[in-house]
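Have a look at the structure below, then the notes.
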Amino acid sequence: DYAVLVYGTDFASGRFLAVVDRAHKPIAFFDFAAYLTPPKAVAKDASFVQGQVEWAVVKDQVLYVSTGHRTYAASSYGKNAYVTAIDVTTGELLWQSDSLVSNARNFLVLGDYIVSGYGFTAEPDFLFVLSRGTGKTVKKVPVKSGPEVILEREGKLYVRTYDTDYVFAIDGK
């Protein structure tokens, strides 16, 4: 029912989100600056940890957004790669997931769950199932390398990682 438009100074610096309805009427506008800078960073890596909006979806008046930076988690002391839920109508923060759960190009909202992925070069690689109501991790599935794209089709979950393709059955639990 909605489209989410991400704006930034270039392709890698999404910071602003506009939510529009089917008639292209603006519904909400958000500045994610407060969500993109970690509380602290390793001094030599400070220029690499400015985050960006990676993916966003609106479902049932809730904006779900993946934010993070594209360097090692240690550079920001592990404070990276979140999914955040915001009420589109009020702008209220509903929840933010634990860190290091979402740096794939996208995530999926499936029923009561969000399926996301995290991995980076020499870091652990996982597919995550988060509660849509709380953002808490419900399930964590190890994968061979960092998830890049997550798709659902005909009851199956397709996950493309850096070097492996996975197909999972979706059981709704």
Under 16 Å from SER66 (Cβ atoms) and at pLDDT below 95 - does that describe any residue in the range 148-171? no
Are there any pairs with C-beta distances below 8 angstrom linking a residue in the range 149-173 that is touching a residue at least 12 places away in the same chain (Cβ under 8 Å) and on the phi > 0 side of the Ramachandran plot to a residue that is open to solvent by 80 Å² or more (accessible area, probe 1.4 Å) and part of a strand (DSSP E or B), with the two at least 6 apart or on different chains, and if so which? GLY155/ALA169
For TYR64, state whether it is assigned to a strand (DSSP E or B) and of a type in the set (Ser, Thr, Tyr). yes
Could you look through the range 10-36, keep only residues that are open to solvent by 80 Å² or more (accessible area, probe 1.4 Å) and within 19 Å of VAL83 (Cα to Cα), and pick out the one that is modelled with the highest pLDDT? PHE29
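The values are calculated or read from the model by the stated rules, or taken from the named source; none is laboratory data. Note that the structure is predicted; figures quoted are calculated from it, not measured. Positions of Cβ are generated from backbone atoms using ideal geometry, with glycine treated the same way; all protein chains shown enter the neighbour counts. In case anyone asks, the SASA skips ligands and DNA or RNA and just uses the protein heavy atoms, side chains included. Shrake-Rupley method; radii C 1.70, N 1.55, O 1.52, S 1.80 Å.
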